[in-house]
1. Under 18 Å from a label point 7 Å along Cα→Cβ of Asn88: give me every residue in region 183-203 with its amide N that close.
2. Could you work out how far the C-alpha centroid of region 29-108 sits from that of region 328-347, in angstrom?
3. So what's the angle, to the nearest 10 degrees on a 0 to 90 scale, between helix 192-207 and the longest Cα principal axis of the chain?
4. Enumerate the whole-percent occupancy of each 5 Å bin, from 0 to the last occupied one, for all C-alpha pair distances of region 1-137.
5. Hey, quick one: spin label on Gln147, modelled 7 Å out along Cα-Cβ, who in region 24-38 has an amide N within reach, i.e. under 19 Å?
6. Which of the lysines could a cross-linker span from Lys158 if the Cα-Cα distance has to be under 18 Å and same-chain partners fewer than 8 positions apart are dropped?
7. Where the Cα atoms of region 238-370 are projected onto their three principal axes, how long is each span, largest first, in whole Å?
8. Counting other C-beta atoms within 10 Å, which of Thr261, Thr189, Thr317 has the fewest, and how do the rest follow?
Amino acid sequence: MSSIWGNRIKISIFGESHSNAIGGVLDGLPAGIKIDFDEIMVDMDRRAPGKSNLSTTRKEGDIPEILSGYFNGYTTGTPLAFIIKNSNTKSSDYDELKNLMRPGHGDYSGNVRYRGYNDYRGGGHFSGRLTAPLVFMGSVAKQYIMQKKGIYIFSRVKSIGDIVDDQIDFGLINDSILLKNLRTKKLPTINEQKSLEMEEYILQMKKNGDSTGGVIECTCINVPTGLGSPFFESFESSLSHLIFSIPSVKGIEFGRGFDITKLSGSQANDEMSYDGNTVKNYTNNNGGITGGITNGMPIVFRVAIKPTPSIAIPQRTINIEQCKDEILSIKGRHDPCIVPRALPVVEACAALNIFDYLIQMEGINNAKSK
Ligand SMILES: Cc1cc2nc3c(=O)[nH]c(=O)nc-3n(C[C@H](O)[C@H](O)[C@H](O)COP(=O)(O)O)c2cc1C
Ligand SMILES: C=C(O[C@@H]1CC(C(=O)O)=C[C@@H](OP(=O)(O)O)[C@H]1O)C(=O)O
């Protein structure tokens, strides 16, 4: 099935951008987790539409309504089911898009895949809106892994177009980076001047009726050593599976990523030492994962987000009703850049992946062994 993920936990999402509601089910949660809804709303608001001039103008509260699995302030251990209402739909924006396929969106491939039965309004089930349930479930996972293991996840905008933020030395993640309180910012960067340049660039693209993409860098610290497996259940592969579920993602790289190929072995290897009882690496070129298994260093990965497909600049496309070529200029409400709203979604995927493996590890550690 296409909308379910997980091994130890199972998550599923449902709904369409213009249906009554979207939602999800998170199954496999331990009983007795206290959920802080104020904390969850911080992440929901970071993703929600209509919050800034860098976003689509559609306005939604994005308040999750719990249907089951939660009682007297704690998870019950049974499936946590919830909905998020859709209210500010404007389906007339999509009248002509029933037959005119938006280049870069899922309209044509989705029409073929679902034999024309797909709900095309607002992108239907293909919409970036379906990332709201992911953020809710990821936020619950974040709270669990933070409370249990002190795992902390943060992300920043690494680049927008050709504007690139400063490098972080991932061998040396320290409080000064964490204290920058990245998640309160509109376009979180390490170098604040870069953030201003990025904003200006996005607004220029918006004015031109165009859009832009960028790269998100996500870091997870205090992740225990030993999560993952070699081959098919490597930590990287399950995380990539989730990350590629985010509409608009075109790539992911870990640690030094593709650039590691430019180093020699002696430069690329992360040399090791004991720090008391803890094993540390002097560098983190492998992004905290070796052999498909976490090695105790921060997990560091970057996600490539393409430019928003729906743009006002006229583009060539097809009319599937009349089987002819046409020119399309899209007039609805769209994000000039998806990156700022996708940050909490990327963090949610990281949290859910860690959560899934932690539950497995705790099962293994609780089992009797010789
Ligand atoms: C948070 C978020 C917001 C998005 N907003 C828009 C949007 O306003 N307009 C648009 O055309 N695509 C938007 N997208 C991207 C499309 O949903 C996506 O490009 C489309 O489903 C096709 O999937 P693909 O890009 O993975 O091939 C958004 C994606 C996300 C994650
Ligand atoms: C509503 C959201 O973003 C939407 C994502 C989206 C798309 O094609 O992905 C298209 C737009 O939908 P509409 O045309 O209905 O305004 C965005 O506004 C959201 O993410 O919550």
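1. Of the residues in region 183-203, 186 have backbone N under 18 Å from the label point off Asn88.
2. Using only Cα atoms to place each centre, the spacing works out to 14 Å.
3. Once rounded, one gets 20 degrees.
4. With a bin width of 5 Å, the distribution comes to 2, 10, 17, 20, 18, 14, 10, 6, 3, 1.
5. 26-38
6. Cα-Cα hits under 18 Å: Lys180, Lys185, Lys186, Lys194, Lys250, Lys306.
7. Principal-axis extents of the Cα atoms in region 238-370, largest first: 70, 41, 26 Å.
8. Thr261, Thr317, Thr189
Throughout, read-outs are computed from the coordinates displayed, never taken from laboratory work. Fair warning: this is a prediction, and the values are worked out from it, not measured in the lab. Note that each Cβ is placed from the backbone with ideal geometry, even for glycine, and that neighbours are counted across all protein chains shown.
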